[in-house]
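Encoded as structure tokens, the structure appears first; notes follow it.
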Amino acid sequence: MKLNRRSLLKAAGVATGIIATGGLPALASENSNEDKKGKKLALNVAHITDVHIREGDNAPARFKNCLKQIITKHKPDFFLNGGDSINDASYDNVTYDQVIQQWGIWDECITMLDKYEVHSCIGNHDSWWKAPSKEDAMYGKEYVVKRLKIPHRYYSFTKKNWHFIVLDGNNSNISLDEEQYNWLQAELEKIPQNEFVLLMSHYPILGTTQVLVGGGHSDHKKLKDLFYKHRDKVRICLSGHNHLSDHTLYNGVLYCCNGAMSGFWWGKGDKESAGPGYYFETPPGYAMLRLYEDGTVENEYYPHPY
């Protein structure tokens, strides 16, 4: 992002006074305005991203309150976690003790979801690149894979007639490496007709937020072309990273950059914040996705009051 993220990540203060005004809907379907009567809901999924969990600003307790709200209000089938789970392990001055502490807080908070599957992707702030050596067990993305309890840095899984593809954009110029792109091509090819795809990357692939703050996939055209080839299957691409809420419908694919659970990194905000804890005009929050058997998608962003 084209701003001083170091100062933002260290921002102090408790976000107070945020009022959840209801969800901000975005729909993806040629028939998105039709009556849902007769449509069969396949899955109800929670999308959290950019938690940036840390010790200060009462962030752990506030995050737990958010999770409790999601569970009690929405009763999701499972959770998608879009990355930047911990506050930061990526800057040069981050120490071993800080990395261990942040992951320990994450582990403690996430015990609230013991009864749920949590499918995560890797964010740019999750990996410790300044470990003593590349051979160190905590160096880079493989350690994050272990901490998040995911099968690989990119992977897929299936629920009912929906296929979920989790990407790793933490490569040169925010992109998929060749190995991963070839794997993605093969994954999309083998999905049967009348089955649908949700993709999740930490970084936006298409949308408005990259124009405002940068931070999007540099291989967006290549991916857009691939999704168009499989336009009968690909329905939605989820992302976070930019802490902004943006919904772009292009070629029948809904690109949802959902806002951050941490908002302004759990801080009060700055002069450009539209409200306490906001980043620009986006309040801290999470999204709920309703995935229907016919491929219809609804993504609704919910500000949270914590």
Exercise. Do we have His217 as touching a helix residue (DSSP H, G or I) at 6+ places or on another chain (Cβ under 7 Å) and assigned to a loop (DSSP other than H, G, I, E, B) here?
Worked result: yes
Problem set entry | Close pairs from the range 257-281: first of a type in the set (Lys, Arg), partner at pLDDT below 95, Cβ under 6 Å, at least 6 apart | Lys268/Gly13
Exercise. Quick one: what pairs do we get from the range 100-127, first residue under 16 Å from Arg62 (Cβ atoms), second among the acidic types (Asp, Glu), C-beta under 9 Å, 6+ apart or different chains?
Worked result: Gln102/Glu55; Gln102/Asp88; Ile105/Glu55
Problem set entry | Options Asp97, Asp92; residue that is more than 22 Å from Pro204 (Cβ to Cβ) and modelled with pLDDT under 95 | Asp92
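A quick yes/no check of all residues on (1) of a type in the set (D, E, K, R); (2) touching a strand residue (DSSP E or B) at 6+ places or on another chain (Cβ under 9 Å):
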{"residue": "Lys141", "(1), (2)": "yes, no"}
{"residue": "Lys146", "(1), (2)": "yes, no"}
{"residue": "Trp162", "(1), (2)": "no, yes"}
{"residue": "Ser175", "(1), (2)": "no, no"}
{"residue": "Asn182", "(1), (2)": "no, no"}
{"residue": "Gly214", "(1), (2)": "no, no"}
{"residue": "Phe227", "(1), (2)": "no, yes"}
Exercise. What number of residues in the range 70-114 are farther than 20 Å from Val145 by Cβ and hydroxyl-bearing (Ser, Thr, Tyr)?
Worked result: 3
Exercise. Here are some residues: Gly169, Gly207. Which one is small (Gly, Ala, Ser) and either closer than 30 Å to Ile105 by Cβ or at pLDDT below 95 (or both)?
Worked result: Gly169
Seminar exercise, completed: Within the range 114-152, of all residues that are over 17 Å from the mean Cα position of the chain (by Cα) and part of a helix (DSSP H, G or I), the one nearest to Gly215 (Cα to Cα) is Gly140
Exercise. If you check Asp92, Asp88, Asp126, Asp84, which single one turns out to be of a type in the set (D, E, K, R) and more than 23 Å from Pro283 (Cα to Cα)?
Worked result: Asp92
Exercise. Just a yes or no: is a residue in the range 72-80 touching a Gly at 6+ places or on another chain (Cβ under 9 Å) and touching a residue at least 40 places away in the same chain (Cβ under 8 Å)?
Worked result: no
Exercise. Somewhere in the range 228-249, is a residue touching a Cys at 6+ places or on another chain (Cβ under 8 Å), part of a helix (DSSP H, G or I), touching a residue at least 12 places away in the same chain (Cβ under 8 Å) and over 30 Å from Arg54 (Cα atoms)?
Worked result: no
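The values are calculated or read from the model by the stated rules, or taken from the named source; none is laboratory data. What you see is a predicted model, and the numbers here were worked out from it, not measured in a lab. FYI the Cβ positions are ideal-geometry reconstructions off the backbone, even for glycines, and counts take in every protein chain you see.
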